[in-house]
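Student: Mind having a look at this structure? Questions to follow.
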Amino acid sequence: MIGDRWGVTDEETGLRFGCDAVVPRPVLEAWRGVTVAAPADRVWTWVAQVRAAPYSYDWVDNRGHRSPRRLLGLDPPVVGEPFSRSGGRPLGRILAVDPGHELTARILGGVMSYRVRSTPDGSTRLLLKVVLERGRLLAPFVCVGDLVMARRQLLTLKALAEA
């Protein structure tokens, strides 16, 4: 599908993510990834903060409010907690958490898993997999739109973790 991969290797697209257990037969699978020059625990703290703000294009996803550029000191994420906010309103729910490694959430009809992986050179791979359970006709449009927004989100999280 157009736009289903950005910044990921074939090996990474072959990994099993938490969203795969939630949606075993998706109409859309999309993978995104970025290398972050920061330790995995620092990257994880920013991933865990995505439940407070979208970190993509704030003028679209956050009603013009800027996503925080400092850590908020949030408690660790827990299953059932609201996930991602737009203008203060929750958009989804956390479905699974593997602390320090993976966060899976349902948001606006999709399920996404963020994965943090240390690399041998000391950097971190930040991966995102998005799946849709239904909407086969809309899937190509969702995929391209998600590519634009998720790319921006991952690059923002990268910049914040590296700062």
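Student: Here are the criteria: (1) open to solvent by 60 Å² or more (accessible area, probe 1.4 Å); (2) touching a helix residue (DSSP H, G or I) at 6+ places or on another chain (Cβ under 8 Å); (3) among the β-branched types (Val, Ile, Thr). Tell me which single one Val144 does not satisfy.
Tutor: Of the numbered conditions (1) open to solvent by 60 Å² or more (accessible area, probe 1.4 Å); (2) touching a helix residue (DSSP H, G or I) at 6+ places or on another chain (Cβ under 8 Å); (3) among the β-branched types (Val, Ile, Thr), the odd one out for Val144 is (2).
Student: Would you pick out the residues in the range 100-122 that are crowded, with 16+ Cβ neighbours inside 10 Å and among the acidic types (Asp, Glu)?
Tutor: Passing the criteria: only Glu102.
Student: Also, I was wondering about something else. Out of all the residues in the range 4-55, which are touching a strand residue (DSSP E or B) at 6+ places or on another chain (Cβ under 7 Å) and in a loop (DSSP other than H, G, I, E, B)?
Tutor: Asp4, Gly7, Val8, Phe17, Val23, Pro26, Val27, Ala38, Pro39, Ala52, Ala53, Pro54 - these are the residues of the range 4-55 that are touching a strand residue (DSSP E or B) at 6+ places or on another chain (Cβ under 7 Å) and in a loop (DSSP other than H, G, I, E, B).
Student: Could you please give the count of residues in the range 85-126 that are within 23 Å of Ala38 (Cα to Cα) and in a strand (DSSP E or B)?
Tutor: Count: 15.
Student: Just give me the residues in the range 87-124 being modelled with pLDDT under 95 and on the phi > 0 side of the Ramachandran plot, in sequence order.
Tutor: Passing the criteria: Gly87, Gly88, Leu108, Gly109, Gly122.
Student: If you go through the range 145-156 one residue at a time, do you hit one that is within 17 Å of Arg32 (Cβ to Cβ) and touching a Gly at 6+ places or on another chain (Cβ under 7 Å)?
Tutor: Checked against the condition, which is being within 17 Å of Arg32 (Cβ to Cβ) and touching a Gly at 6+ places or on another chain (Cβ under 7 Å), the range 145-156 yields at least one hit.
Student: May I ask you to list the residues in the range 43-86 that are open to solvent by 30 Å² or more (accessible area, probe 1.4 Å), more than 18 Å from Lys158 (Cβ to Cβ), of a type outside the set (A, V, I, L, M) and modelled with pLDDT under 80?
Tutor: Trp59, Arg63, Gly64, His65, Arg85
Student: Right, something else. Any chance the range 143-156 includes a residue that's more than 22 Å from Arg16 (Cβ to Cβ) and assigned to a loop (DSSP other than H, G, I, E, B)?
Tutor: no
The values are calculated or read from the model by the stated rules, or taken from the named source; none is laboratory data. Note that this is a predicted model, so its numbers are computed, not measured. So basically every Cβ, Gly included, is an ideal-geometry build from the backbone, and we count neighbours across all protein chains shown. Areas reflect the complete protein model, heavy atoms only, side chains present, ligands, DNA and RNA absent. Shrake-Rupley method; radii C 1.70, N 1.55, O 1.52, S 1.80 Å.
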